[in-house]
Amino acid sequence: LSTPVISVSLLQSLEITPPLQLDQLPTDVDAIVVLGGGTYCDAPEYGQDTVSGYALERLRYAAELHRRTGKPILVTGGKLSNPIPEAIVMKATLEHDFHVPVRWLEERSRDTMENARFSAAVVKDQGVRRVLLVTHAAHIPRAQAAFQKAGFEVIPAPTKFTTHCQWTPLDFLPTSSALAVSATALHEWIGSVWYQLR
C-alpha cells in the first residue's frame, strides 16, 4: 500500500467514469453541483479560512464547466472541524478567484450522503433535477449513487484522474505519499460498500 505502483492502481480502479468531452457538454442540465473537498482552516497567508487543495481542484473544474455552459452552481459542504460551513468558503473562492457566481449553498452536510440529501432539499422547489456532478474521479461512483438516491438525474463530471507519466524502479519503493493515495482509495471502497448496505 505504500508503493506507488500499488496505490496508483488502487485509485485508478475506482475511476471507471470517463471524463466529459468539453466540446460536447450536455446543454439540457439544470445546474452544476460541486461537492466539498475540505477546508484549509485559518490559513495564515490569507488571514482566514479557505478551501483545501483538494476542494480547489473541484472548484476549478466547476468554473470551467460554468463558463462553457452558463449553468448555475450549487456548492455543498457543512461543518466538520471547521467553524464556517465549507460551502461558504467554496462560494467565496469561486466568486473571488474564478469570478464565477454561486446560486445555491448547502451548508449542513457532513458526508457525501448528506451532500445529496440536503442539496435536494435546497433546490427541490427550483426545478433542479438534472445536474452535472463535480467531484474527484475516484469519488464519482459513490457520489453518483448518493445523488441518484436523493432524486437527482446525474451526469457525472469527474476531475483529477490519477495519471502517471512513466514507471521507474522508484515506484516500487515505499513512500508516505503513496500510502496517502492508498488510504484515499480504501476510504472510497469502504464507503461504497457502506452506502450499499445502508
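The values are calculated or read from the model by the stated rules, or taken from the named source; none is laboratory data. All of these numbers come straight from a predicted model, not from anything done at the bench. Cβ coordinates were reconstructed from backbone atoms using ideal geometry, including for glycine residues, and neighbour counts include every protein chain displayed. For the accessible areas, the whole protein counts, side chains as well, though only heavy atoms, and no ligand, DNA or RNA atoms are used. Shrake-Rupley method; radii C 1.70, N 1.55, O 1.52, S 1.80 Å.
Does segment 24-46 contain any residue that is in contact with a strand residue (DSSP E or B) (Cβ under 6 Å, 6 or more places away or on another chain) and without any contact (Cβ under 8 Å) to a residue 40 or more places away in the chain?
yes
Could you check residue 121 against (1) within 22 Å of residue 184 (Cβ to Cβ); (2) hydrophobic (A, V, I, L, M, F, W, C); (3) free of Cβ contacts under 8 Å to residues at least 24 places away in the same chain and say which number it fails?
(1)
Among the strands (runs of 3 or more DSSP E) confined wholly to segment 1-89, which include 2 or more residues that are closer than 18 Å to residue 106 by Cα?
On the way: elements: 31-35, 39-43, 48-51, 73-76.
Hits in segment 1-89: 31-35, 48-51, 73-76.
Scan segment 150-168 for residues that are at pLDDT 95 or above, open to solvent by 60 Å² or more (accessible area, probe 1.4 Å) and either closer than 16 Å to residue 3 by Cα or among the small types (Gly, Ala, Ser) (or both) and report the count.
0
Using beta carbons and a limit of 7 Å, which pairs, at least six apart or on different chains, have the first residue in segment 169-195 and open to solvent by less than 30 Å² (accessible area, probe 1.4 Å) and the second one of a type in the set (Ser, Thr, Tyr) and not in a helix (DSSP H, G or I)?
171/3; 178/2; 178/3
Could you check segment 98-130 and list, in sequence order, the residues that are in a loop (DSSP other than H, G, I, E, B), out of contact with any helix residue (DSSP H, G or I) (no Cβ under 6 Å at 6 or more places or on another chain) and of a type in the set (S, T, N, Q)?
126
Any idea which residue in segment 71-83 is surrounded by the fewest Cβ atoms within 10 Å (Cβ to Cβ), counting only those that are within 15 Å of the chain's Cα centre (by Cα) and under 19 Å from residue 41 (Cβ atoms)?
So, considering only residues that are within 15 Å of the chain's Cα centre (by Cα) and under 19 Å from residue 41 (Cβ atoms), the one surrounded by the fewest Cβ atoms within 10 Å (Cβ to Cβ) is 78.
Run residue 126 past the list (1) modelled with pLDDT under 95; (2) out of contact with any Phe, Trp or Tyr (no Cβ under 9 Å at 6 or more places or on another chain) and report the number of the one that doesn't hold.
(2)
Among the candidates 86, 95, 106, single out the residue that is among the acidic types (Asp, Glu), surrounded by fewer than 22 Cβ atoms within 10 Å (Cβ to Cβ) and at negative phi.
95
Look at residue 143 and say whether it is assigned to a helix (DSSP H, G or I), under 13 Å from the mean Cα position of the chain (by Cα) and under 24 Å from residue 12 (Cα atoms). If you could, list the steps in order and put the result at the bottom.
On the way: assigned to a helix (DSSP H, G or I): yes; under 13 Å from the mean Cα position of the chain (by Cα): yes; under 24 Å from residue 12 (Cα atoms): yes.
Yes, satisfied.
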